[in-house]
1. Do you know the relative contact order of region 22-174, to the nearest whole percent, from alpha carbon pairs under 8 angstrom that are 6+ apart?
2. How many percent of the accessible area of the chain is carbon or sulfur, using a 1.4 Å probe?
3. Anything over 26 Å Cα to Cα? Flag those among K49/K114; K64/K137; K49/K115, in the order listed.
4. Give me the net charge for the shell around E133: Cβ to Cβ below 13 angstrom, other residues only, Lys and Arg +1, Asp and Glu -1.
5. Which of the three applies to the chain, rounded, prolate or oblate, going by the alpha-carbon gyration tensor with a ≥ b ≥ c and a/c under 1.5 meaning rounded?
6. Quickly estimate the mean residue ellipticity at 222 nm for the chain, helices only: each DSSP H run with n ≥ 4 gives -39500 (n - 2.57), and the total goes over all residues, rounded to 500.
7. On full extension of the chain, what length is gained from R173 through I161, given 0.36 nm per residue of separation minus the C-alpha to C-alpha distance?
8. Using a simple charge model, +1 on the beta-carbon of Lys and Arg, -1 on the beta-carbon of Asp and Glu, nothing else, what dipole does the chain show about its Cα centre, in debye to the nearest 20?
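The values are calculated or read from the model by the stated rules, or taken from the named source; none is laboratory data. Just so you know, these numbers come straight off a predicted model, no measurement behind them. As a convention, Cβ positions derive from the backbone with ideal geometry for all residues, glycine included, and neighbour counts pool all protein chains shown. Side chains included, ligands, DNA and RNA excluded: accessible areas come from the protein's heavy atoms. Shrake-Rupley method; radii C 1.70, N 1.55, O 1.52, S 1.80 Å.
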Amino acid sequence: VGNTMANNHIAIDDYGTGHSNIVNLMRYTPQIIKIDRFLISGIHRDVNKQMFVRSTIEFARLNKIQVLAEGVETSEELRMVIELGVDYVQGYYTARPAAEPLANIAEEIRNEIKKANEQIAEQIRQEAKQKEEANKKRTADEVQADINSLQSQIDTLESEISNLNNEQQKILRD
């Protein structure tokens, strides 16, 4: 844990392990949460890990904290953490450890990240479009239900008018 003075930043490392928990997250108000490799390993096959990481990311977003996924070692893990919304990834899949930060990651990995983000953006657009269409359909269904209700009321009124007319005719004959 670093000092926030002199433009230093705090990062909670190994988040999700026993020694790096919610208490530290609340106590130190970090700028970055580094989600532990244990939670990232096999995340694409483990719904519980996905739920925990998703809720951590949601908490981070609400508190303006960035999230880094540690230990990304496969394409599937990379795709899943991107879908969940992490800001940064770290692990053997993107680059081996180095003494100095890399200027760039391999082009094929960059392209994979770009493609995953594009697919996720398209999926979000499609979901938004489906919700919009569902809202339009619901609105159309609601209008149809109102029309049906009004038609039923009209039918009832017409029947009552007909009955009144019949009674009036009967009274006039008598």
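1. Numbers: 114 pairs, mean separation 25.5, N = 153.
Reported relative contact order: 17 percent.
2. Details: 6480 of 12500 Å².
Looking at the chain in its full context, I get 52 percent from C and S.
3. Numbers: K49/K114 24 Å; K64/K137 37 Å; K49/K115 24 Å.
Long pairs (Cα-Cα over 26 Å): K64/K137.
4. Numbers: positive: R125, K129, K131, K136, K137, R138; negative: E127, E132, D141.
Net of charged neighbours comes to +3.
5. The shape class here is prolate.
6. Numbers: 5 runs with 104 residues, N = 174.
The helix-only estimate for the chain comes to -20500 deg cm²/dmol at 222 nm.
7. Values: separation 12, 0.36 × 12 = 4.32 nm, distance 1.82 nm.
Taking 0.36 nm per residue and subtracting the Cα distance, the gain is 2.5 nm.
8. Details: 21 positive and 28 negative charges, 110 e Å.
Charge dipole of the chain: 520 debye, to the nearest 20.
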